[in-house]
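Trainee: First the structure, then my questions, so here it is.
The values are calculated or read from the model by the stated rules, or taken from the named source; none is laboratory data. A quick note: this is a predicted structure, and the numbers were derived from the prediction, not measured. Neighbour counts run over all protein chains shown; Cβ positions are idealised from the backbone, glycine included. Heavy atoms of the whole protein, side chains included, go into the accessibility calculation; ligands, DNA and RNA do not. Shrake-Rupley method; radii C 1.70, N 1.55, O 1.52, S 1.80 Å.
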Amino acid sequence: MEKKPILSVRNLSTHFAMAEGTVKAVQDVSFDLSSDDVLGIVGETGSGKSVCVKTIAGLIDPPGYIANGEILLYTDEFAKDGKKEYVDLAKLKYESFSRIRGKHIGMIFQDPMTSLNPIFTIADQMIETIVHHEKVSEGEARERAIKLLEQVGIPKPSERIDDYPFQLSGGQRQRVVIAIALSCNPEILVADEPSTALDVTVQAQILELMKELQKQFSSSTIFITHDLAVIAEMATKISVMYGGYQMEIASVDDIFEVPMHPYTHALLACIPRLDIKQSELLPIPGQPPVMMNPPRLCPFLPRCTRSVEKCQQVLPDLEQITEEHFVRCNNPVPQKVQVVKEEV
Amino acid sequence: MELLNVKGLKKYFPIKQGFLIERVVGFVRAVDDVSFSVDKNKTVGIVGESGCGKTTVGKVIVRLHEPTDGSIIIDDLDTTFYFLKKKHAEKYLDDKYFSSPAFSNGAEGLVPYQKRIYDAYVKNSKDRKKTIDQLFHKLSEKRKALRRKVQIVFQDPMSSLNPRMTVGQMLSEPLLFHEIARTDKEANSMVGQLLEQVGLKSHHIDRFPHQFSGGQRQRIAIARAITVNPEILVLDEPTSALDVSVQAQIVKLLQLLQEKMNAGYVFISHNLALVRFISQDVSVMYLGRIVEQGETQEIFDNPAHPYTKALLAAAPVPDPKKKRNRKDLVGGQVPSPINRPSGCFFNPRCKYRMDVCVKEYPPTVEIGKNHQVACHLFTSSHSEGGKEK
């Protein structure tokens, strides 16, 4: 029997109605997330990667709205007979969403100082989440919180739990945020640039921790980052976003070895590498796109070196190349072109 | 040719406590005994994690901070005292100042520095007031000349550009001040050329910073730094606020400009891959000190210091086939620069820790051609030890 995806996003579009016009932040995004998958969403500033997952977690407030699409979560939360079914989160009311968020979808944000409340202790914030979603007493919740803190590698958790966020270091705060996200054993973990605000040695610790917990809790993860190096390490599947659209979706090996979209290609050629000596970086000319009332064309068109006449007329569809490889391009790069120039 | 030589540079920030009567209770030793040199047409990379003092080094070189000790030699001129404040210098008229409690408890946070000025200029002169006046007259000229030699580009172009000034105003100000351009008209045409040089259009001259994208703003900041044709350019994380596609553009621009101006770059960054790409020499800093220093190729291929190894192992590589070298990863985090560990600052996190590491800070030793490291593993008496524990 084929494995059913836990989360299936279909043609999702999120727009923001502004006085000057509509900002089309996310356009026509589709993906499936099965258990044990780590989907990496990679893109530059303004590519819509954060808005995309915020929509999935129900965190889009007016003037933002879901213009189109479905977010299907396979869950038994609302079933009367206890059977799992697909629930469309896009149509869910705000009050019902709080039964999903935190319990079925856990979130980790970029900056741990702003995602923790500075005037409550770690214990308050962890117990609140657990008690809200599960029928346990505060004492039991506290026990569980201490155990969770131990799992995320906080030394002396029974003492540290009564600390305030400012008493912890940046890396420890992010560990606490991860513990809160995992506290109700969610099926889906959404991590929005979890390591960006951290130093590189601490980042390595957090990434190692997340990989370990991923195995332990077996939740599927959506991992957002702008850093291709981080995504190469974490993800099993990668979606490259640009200007609100998914440009290419493929397994992690395909993205790095046989990228087909000109943007993915250009992106890989312009990052400095630690592991090899490069002769030059190849910058992508031009500026990132403006998201206000964009034309219905490929957003990468003004910066693309492989554009053809067809690009001026229609927006290409997300086409399937192989079983797992999708590309949105009229003139994709043939698979044999070398990506990085290495100095001999 | 050596453009910049930094020797034994120190910068301590005093921590003051108390209301009305302030006392110095300690120091943040942001930079502690840093030495390096920059040659013409060469780039020196300074890498380290946040709090290691790399930005402070850059700021001291351009004199946004006064050094506590050490010397900064630019073009064979010792520029260390150029930015001395007159109100400070006037205190030296009185010998008693140097025996006062305010001085001995380091209230100014500048003890060795002040003492050196006193010894060099004031101590033996007959008319001290006149000496100091003369000194300051000379210094103001020298300061102006120095500003033409050293410039800086900051990390975040949104906060380093004045939002109320147009690009034209910002760029013509240094031109007029340094009398590179004599009239506004002349300045304007030079600003146009500068903008073209950094990849913008000359009609951008009347725009405000908010009308540009992040990458374009950084180009303006670079244009402002090169208006005076500096010999040394300090680049303090110039691309870390930018997207990777734009980062590559800026890096390419900086390389082009270096060829044109023959300037020496001090490239400060936490991004190891970028430093590897852009610089010929690298200094790795940890808690205010340089732990390893040498040619880029050598440092990245044969890192010697356990901290350098840890940094390299921690940095992810954009290749799913390459797994990180877990053996060299370290736990814990950077200690506070106020209460530094005894001995080698890295010892609480180091896997190769020996008894001597807790007792004394390791001396810097040469372990190869142009490759220095400060680690007890490489000092002669302990080179036998260092087995992994």
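Trainee: Which of the listed residues, A:Tyr74, A:Pro259, A:Leu7, is farthest toward the dipole's positive end in the protein assembly as shown, when Lys, Arg count +1 and Asp, Glu count -1 at the beta-carbon?
Mentor: Working it through, the farthest residue towards the positive pole turns out to be A:Pro259.
Trainee: Expressed as a rounded percentage, what relative contact order does chain B have, with Cα pairs under 8 Å and six or more residues apart?
Mentor: Worked out over chain B, it gives 19 percent.
Trainee: Counting protein heavy atoms only and a 1.4 angstrom probe, how many square angstrom of accessible surface do chains A and B bury in total, to the nearest 100?
Mentor: 3700 Å²
Trainee: Right, next: Loop only by DSSP, 10 or fewer other Cβ within 10 Å of the Cβ. Give me the trypsin sites (Lys or Arg not before Pro) in segment B:230-328 that pass, ordered by residue number.
Mentor: B:Lys321, B:Lys323
Trainee: Among B:Gln211, B:Ala145, B:Ser160, flag the residue with its Cα farthest along the positive direction of the charge dipole of segment B:112-258, charges on Cβ as +1 for Lys/Arg and -1 for Asp/Glu.
Mentor: B:Ala145
Trainee: Another question, if that's okay. How high is the relative contact order of segment A:1-146? Use alpha-carbon pairs under 8 Å, at least six apart in sequence, and give a whole percent.
Mentor: Relative contact order for segment A:1-146 comes out at 20 percent.
Trainee: 5 Å is the cut-off here: which amide hydrogens, built 1.01 Å from N in the peptide plane, fall below it relative to B:Leu3, excluding neighbours closer than 5 in sequence?
Mentor: The list, which skips near neighbours in sequence, is B:Val38, B:Asp39, B:Lys40.
Trainee: In terms of modelled amide H atoms, which long-range or inter-chain residues lie less than 5 Å from the amide H of A:Asn68?
Mentor: Under 5 Å from the amide H of A:Asn68: A:Ser13.
Trainee: Related question: Sequence-distant or interchain residues sharing an amide H contact under 5 Å with B:Tyr286, placed H: which?
Mentor: Those qualifying (amide H under 5 Å, at least 5 residues apart or on another chain) are B:Val291.
Trainee: Pairs of Cα atoms under 8 Å, at least six residues apart: use those to get the relative contact order of segment A:241-327, whole percent.
Mentor: The value is 37 percent.
Trainee: So with the 1.4 Å probe, I'd like the accessible area per residue for segment A:7-235, rounded to whole Å².
Mentor: With all protein chains present, segment A:7-235 gives 42 Å² per residue.
Trainee: Let me ask something else. Could you give the size of the charge dipole of segment A:93-172 about its Cα centre, using +1 on the Cβ of each K and R and -1 on the Cβ of each D and E, expressed in debye and rounded to the nearest 20?
Mentor: I would put it at about 340 debye.
Trainee: Can I ask one more? Please identify the DSSP H helices in chain A that span no less than 20 Å along the helix axis (Cα) and have a mean Kyte-Doolittle hydropathy of -1.0 or more.
Mentor: Answer set is A:200-217.
Trainee: Taking the Cα centre of the protein assembly as shown as origin and charging only Cβ (+1 Lys, Arg; -1 Asp, Glu), how large is the dipole, in debye to the nearest 20?
Mentor: 2100 debye
Trainee: At 222 nm, what value in deg cm²/dmol follows for chain A if DSSP H runs of at least 4 each add -39500 (n - 2.57) and the sum is divided by all its residues, to the nearest 500?
Mentor: -8500 deg cm²/dmol
Trainee: Could you list the trypsin sites (Lys or Arg not before Pro) in segment A:61-151 that lie in coil according to DSSP, counting only those with at most 12 other Cβ atoms within 10 Å of their Cβ?
Mentor: Here the trypsin sites (Lys or Arg not before Pro) that fit, given the DSSP loop and packing criteria, are A:Lys80, A:Lys83, A:Lys93, A:Lys135.
Trainee: Just in segment B:148-243: which GluC sites (Glu not before Pro) are loop by DSSP and have at most 11 other Cβ atoms within 10 Å?
Mentor: Here the sparse-neighbourhood loop sites are B:Glu179.
Trainee: Starting from 0.36 nm per residue, how many nanometres of slack lie between A:Lys84 and A:Gln335 once their C-alpha separation is accounted for?
Mentor: Between A:Lys84 and A:Gln335, full extension yields 86.2 nm more.
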